[in-house]
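Structure first, commentary second.
The values are calculated or read from the model by the stated rules, or taken from the named source; none is laboratory data. Bear in mind that the values here come from a model prediction, so they are computed numbers and not experimental data. Here the Cβ positions follow ideal geometry from the backbone for every residue, glycine too, while neighbour counts run over all protein chains shown. For accessibility, only protein heavy atoms count, side chains too; no ligands or nucleic acids. Shrake-Rupley method; radii C 1.70, N 1.55, O 1.52, S 1.80 Å.
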Amino acid sequence: GIKIAVFISGRGSNLEAILDSINREEIKGEVALVISDRKDAKGLERSKERSIPSVYIGKSNYSDNESRVDKILEVLELKEIDLIVLAGYMSIVDTSIVRKYKNKIINIHPSLIPSFSGKGYYGSFVHKAVLDYGVKITGATVHFVDEDTDTGPVIIQEAVKVFDEDTVDSLSKRVLGIEHEILPKAIKLFAENKLVIEGRIVKRRD
Ligand code: GAR
């Protein structure tokens, strides 16, 4: 199976969804490494409890950008990582990492890209923007990461209805439920080498 590194910043519920899917033997692979850019990330505690090699690499222990990127590259190499999954990772991945792991980094985003995506659109801000705009459909997107923010080839998208009564809290919960389905699904396809990228179009091979 493939060796996966999961990058997180907070709660880590998408990380849990990946681990559960691996436990159900849907994904042929293992989470060999968790990297958090926040020391106090809840997901970091949970991954440690599950005995997964987990490391904090952030601005307080690697203050300059270059040393931080070098450290990330070092641990990725050490663990012979095949796939990087950004699961609620709130930092921009440096271009040197994106180039080295070209078409080997995937991200989960809580909207239907290209709507409500790009710089400034993350976490609850996405759902606030969706509600303020008044769109009636939102959703979640799994995509490959390229050198811009949220612009890489789309792997899976799924729609979620917006209700009149929705709040940021209720809407983010409904979208999160979909995230937990489509992220493991995309990783499973990647691990089985079933994703073909043609330009910016991702096709499924059987
Ligand atoms: C998820 O909703 C994810 O889509 C979003 O942050 C949340 C993390 O939750 N990611 C982004 O906004 C990235 N731009 P989690 O830590 O429980 O997985």
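Here the strands (runs of 3 or more DSSP E) wholly within the stretch 92-206 that include at least 2 residues being touching a residue at least 60 places away in the same chain (Cβ under 8 Å) and either of a type in the set (Gly, Ala, Ser) or open to solvent by less than 20 Å² (accessible area, probe 1.4 Å) (or both) are 105-109.
Of the residues that make up the stretch 86-97, is at least one touching a Phe, Trp or Tyr at 6+ places or on another chain (Cβ under 8 Å) and of a type in the set (Phe, Trp, Tyr)? Looking through the stretch 86-97, at least one residue is touching a Phe, Trp or Tyr at 6+ places or on another chain (Cβ under 8 Å) and of a type in the set (Phe, Trp, Tyr). For the stretch 136-158, state whether one or more residues are acidic (Asp, Glu) and more than 29 Å from Asp94 (Cβ to Cβ). Among the residues of the stretch 136-158, at least one is acidic (Asp, Glu) and more than 29 Å from Asp94 (Cβ to Cβ), which makes the answer yes.
Here Val85 fits the description: within 16 Å of the ligand (Cβ to nearest atom) and β-branched (Val, Ile, Thr). Put simply, of Glu74, Glu66, Glu16 the only residue that is within 22 Å of Ala191 (Cβ to Cβ) and either modelled with pLDDT of 95 or more or not charged (D, E, K, R) (or both) is Glu16.
Quick grid of which residues meet (1) touching a strand residue (DSSP E or B) at 6+ places or on another chain (Cβ under 7 Å); (2) more than 8 Å from the ligand (Cβ to nearest atom); (3) within 22 Å of Glu80 (Cα to Cα); (4) in contact (Cβ under 8 Å) with a residue 12 or more places away in the chain:
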{"residue": "Ile2", "(1), (2), (3), (4)": "yes, yes, yes, yes"}
{"residue": "Gly12", "(1), (2), (3), (4)": "no, no, no, yes"}
{"residue": "Leu19", "(1), (2), (3), (4)": "yes, yes, yes, yes"}
{"residue": "Arg24", "(1), (2), (3), (4)": "no, yes, no, no"}
{"residue": "Val31", "(1), (2), (3), (4)": "yes, yes, yes, yes"}
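Tell me which residues, restricted to the stretch 116-140, are more than 13 Å from the ligand (Cβ to nearest atom) and not aromatic (Phe, Trp, Tyr). If the condition is that a residue be more than 13 Å from the ligand (Cβ to nearest atom) and not aromatic (Phe, Trp, Tyr), then Leu131, Asp132, Gly134, Val135, Lys136, Ile137 are the ones that fit. Of the candidates Val135, Val130, Val98, the single residue that is within 15 Å of Phe7 (Cβ to Cβ) and of a type in the set (A, V, I, L, M, F, W, C) is Val98.
When each of Arg68, Arg38 is tested for being in contact with a Lys or Arg (Cβ under 9 Å, 6 or more places away or on another chain) and farther than 27 Å from Val196 by Cα, the lone residue that passes is Arg68.
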